[in-house]
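**Q** Here it is, the structure in full.
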Amino acid sequence: MNEPQAKLPTTDLPLRRTCATLHVHQQLLAQSEHYAQERQRIEAGYRQNVMLARVGQRDVISIPVVVHVLWNKPEQNISDEQIASQMIVLNQDFRKQNPDISQVPPVWEDTAEDADIEFYLATVDPEGLPTTGITRTQTAITAFSPNDDCKITAAGGIDAWPTDQYLNIWVCVLDFGILGYAQFPGGPAHTDGVVVTYQAFGTTGTAEAPFNLGRTLTHEVGHWLDLRHIWGDDGMEPGTECTGTDHVDDTPNQDGPNFGTPSFPQISCTNGPDGDMFMNFMDYVNDSAMVMFTDEQVERMHACLQGPRSSFLSSPSSPDSKELLL
Ligand SMILES: [Ca+2]
Ligand SMILES: [Ca+2]
Ligand SMILES: [Zn+2]
């Protein structure tokens with residue numbers, strides 16, 4: 001899914017996971033020298049912050065969320081219940097409370113980590129008024145591409161709430177069979193956030209197998225907190241498949257993405273006997289097959305929260321955390 005614009009538009013759900021985050025990243029790198037410099041500065045900053053996260057005590061961080069529902073046909077105007085089902089999964093996954101964590105092979109049981117990050121639908125809007133944390137907008141656009149039109153009211157989308165105070169999540173019809181995409185830290189503020197297609201959001205309503213367990217959002221929020229794909233996003237040139245990195249040491253070096261529901265082990269890049277950590281949220285497997293973040297992925301996300309996303313450290317108080325997990 002590196003060149004979505006080269007494919008014919010389709011709103012059919014893909015057979016394999018697709019994520020346009022790297023496409024958006026590469027577009028921004030090509031367009032903006034400032035973004036390229038920001039990415040270098042942010043990456044350098046993690047080395048220090050990761051050390052701090054490792055030695056210091058880590059607080060649970062609560063992040064307010066706004067879900068922007070964009071709909072053209074009424075069935076795309078997903079229900080509050082469907083949004084709630086997604087928030088439960090997101091919180092379970094980031095607190096290592098997901099029941100399917102038991103799928104982690106014994107060799108990585110000690111590596112699987114509680115990310116200590118929670119998410120809640122915002123209760124106060126940018127004007128200081130009470131809110132459900134959900135906006136609903138009818139649009140003339142039948143399907144959005146990953147060009148960020150969904151994030152701009154004048155383009156048929158809906159403008160972001162202040163992206164340094166809210167994690168903005170747009171749920172809409174995505175073209176080209178893309179399940180979702182995120183913007184890494186360091187990009188333009190007005191397009192910061194995550195987009196997920198309405199067929200891969202939550203666990204009920206319009207969610208469709210094999211992407212109906214809410215994992216597309218978990219994967220994309222991982223990107224929003226600066227996690228890279230576990231295989232290192234390499235292999236564009238033949239012979240380079242084992243040269244990339246996700247900047248995380250406790251995820252094994254891995255050739256390319258895994259798809260579907262692999263069986264353990266999947267060996268590549270001489271990473272035997274245990275092979276690829278395909279059950280990681282940052283691979284490309286089906287929802288039912290991705291179940292964990294690693295210790296060092298969590299450290300990287302907290303370094304991100306100490307660095308480019310530090311505005312969320314002072315987020316307003318969240319509801320009782322017990323309610324987040326249900
Ligand atoms: Ca790695
Ligand atoms: Ca690789
Ligand atoms: Zn991705």
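The values are calculated or read from the model by the stated rules, or taken from the named source; none is laboratory data. In this text, all values refer to a predicted model and were calculated from it rather than measured experimentally. When we count neighbours, we look across all protein chains shown, and the Cβ atoms used for this are built from the backbone with ideal geometry, even at glycine. When the accessible area is computed, the model is the full protein with side chains, heavy atoms only, and any ligands, DNA or RNA have been set aside. Shrake-Rupley method; radii C 1.70, N 1.55, O 1.52, S 1.80 Å.
**Q** Ignoring ligands, DNA and RNA, what percent of the accessible area of the chain is carbon or sulfur (1.4 Å)?
**A** Carbon-and-sulfur percentage of accessible area, whole number: 50.
**Q** Going 7 Å from the Cα of residue 136 along its beta-carbon direction, which residues of segment 156-193 have the amide nitrogen within less than 15 Å of the resulting point?
**A** Backbone N within reach: 171-172.
**Q** Moving on to the next point. GNM, the chain, Cα, under 10 Å: largest mean-square fluctuation among 75, 241, 118?
**A** 75
**Q** Kindly report the accessible area of the chain per residue (heavy atoms of protein chains, probe 1.4 Å, no ligands, DNA or RNA), in Å².
**A** Value returned for the chain: 42 Å² of accessible area per residue.
**Q** When a/c reaches 1.5 or more, the comparison of a/b and b/c decides; with that in mind, is segment 15-60 rounded, prolate or oblate per its Cα gyration tensor?
**A** Oblate shape, in that a/c is at least 1.5 and b/c is the bigger or equal ratio.
**Q** Next up: Round to a whole angstrom and tell me the spacing of the C-alpha centers of segment 91-145 and segment 221-260.
**A** Their Cα centres are 22 Å away from one another.
**Q** In percent, how large is the relative contact order of the chain, given Cα pairs closer than 8 Å and 6 or more residues apart?
**A** Over the chain, the number comes to 23 percent.
**Q** Continuing with this model, one more query. In percent, how large is the relative contact order of segment 1-140, given Cα pairs closer than 8 Å and 6 or more residues apart?
**A** It rounds to 27 percent for segment 1-140.
**Q** Pairs of alpha-carbon atoms within less than 8 angstrom and 6+ residues apart define the contacts here; what relative contact order does segment 239-287 have, in percent?
**A** About 34 percent, as a whole number.
**Q** Please identify which residues in segment 282-314 have an amide N closer than 16 Å to a label point set 7 Å out from the Cα of residue 29, following the Cα→Cβ vector.
**A** Those under the cut-off are none; the list is empty.
**Q** Only residues of segment 171-199 count here: report those whose backbone N is under 15 Å from the spot 7 Å along Cα→Cβ of residue 75, or say none.
**A** So the set is 173-174, 198-199.
**Q** Next question, about the same structure. Hey, in the GNM for the chain with a 10 angstrom Cα cutoff, which one of 76, 199, 57 fluctuates hardest?
**A** 57
**Q** About the Cα centre of the chain, how large is the charge dipole given +1 on each Lys and Arg Cβ and -1 on each Asp and Glu Cβ? Please answer in debye to the nearest 20.
**A** That gives a dipole near 480 debye.
**Q** Place the peptides 64-70, 36-42, 185-191, 214-220 in order of packing, highest mean first, counting for every residue the other Cβ atoms within 10 Å and averaging per peptide.
**A** Sorting 64-70, 36-42, 185-191, 214-220 by mean packing, highest first, produces 214-220, 64-70, 185-191, 36-42.
**Q** For segment 187-260, count all C-alpha to C-alpha pairs, find those more than 18 Å apart, and express that count as a whole percent of the total.
**A** Everything past 18 Å amounts to 55 percent.
**Q** Using only the alpha carbons, work out the radius of gyration and Dmax of segment 143-287 in angstrom.
**A** For segment 143-287, the Cα-based Rg and Dmax read 16.5, 53 Å.
**Q** Quick check: convex hull over the Cα atoms of the chain, volume per residue in Å³, rounded to an integer?
**A** 133
**Q** Here is a further query. With a ≥ b ≥ c taken as the square roots of the eigenvalues of the C-alpha gyration tensor of segment 35-92, please select rounded if a/c is under 1.5 and otherwise prolate if a/b is larger than b/c or oblate if it is not?
**A** Oblate shape, in that a/c is at least 1.5 and b/c is the bigger or equal ratio.
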